[in-house]
1. Looking only at region 1-17, which residues are farther than 15 Å from F57 by Cα and either free of Cβ contacts under 8 Å to residues at least 12 places away in the same chain or more than 11 Å from the chain's Cα centre (by Cα) (or both)?
2. Looking at region 28-67, which of its residues are surrounded by 12 or more Cβ atoms within 10 Å (Cβ to Cβ) and modelled with pLDDT under 60?
3. Which of the residues that make up region 18-32 are outside any loop (DSSP other than H, G, I, E, B) and either more than 17 Å from Y56 (Cα to Cα) or touching a strand residue (DSSP E or B) at 6+ places or on another chain (Cβ under 7 Å) (or both)?
4. Starting from region 23-45, take each residue that is β-branched (V, I, T) and list its partners that are surrounded by 13 or more Cβ atoms within 10 Å (Cβ to Cβ) and assigned to a helix (DSSP H, G or I), counting only C-beta distances under 7 angstrom and pairs at least six apart or across chains.
Amino acid sequence: MRIQQAREELGITQQELAARLSCTQAALSNYELGKRRLYLANLERIANALGKPLSYFTEPVDEDDSRDWARYPHR
């Protein structure tokens, strides 16, 4: 969820971010949906590409964001 949120804040598409990361749009989609394992090295690359600190993606979601989790029943 956080990857998608940060990407949308920048106003870029999955395709654009995937190009920055040298991965496929399908792989990025799977990361965003939690369907593909995301290793720390890849998460660091994503954080850098999105201009966010690594902690943005590793810290628990605050209460304001918790209502958004309802949109992601697979979690």
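The values are calculated or read from the model by the stated rules, or taken from the named source; none is laboratory data. Treat the numbers as computed from the prediction; the structure is a model and nothing was measured. When we count neighbours, we look across all protein chains shown, and the Cβ atoms used for this are built from the backbone with ideal geometry, even at glycine.
1. L10, G11, I12, T13, Q15, E16
2. D65
3. A18, A19, R20, L21, Q25, A26, A27, L28, S29, N30
4. These pairs meet every condition: T24/A18.
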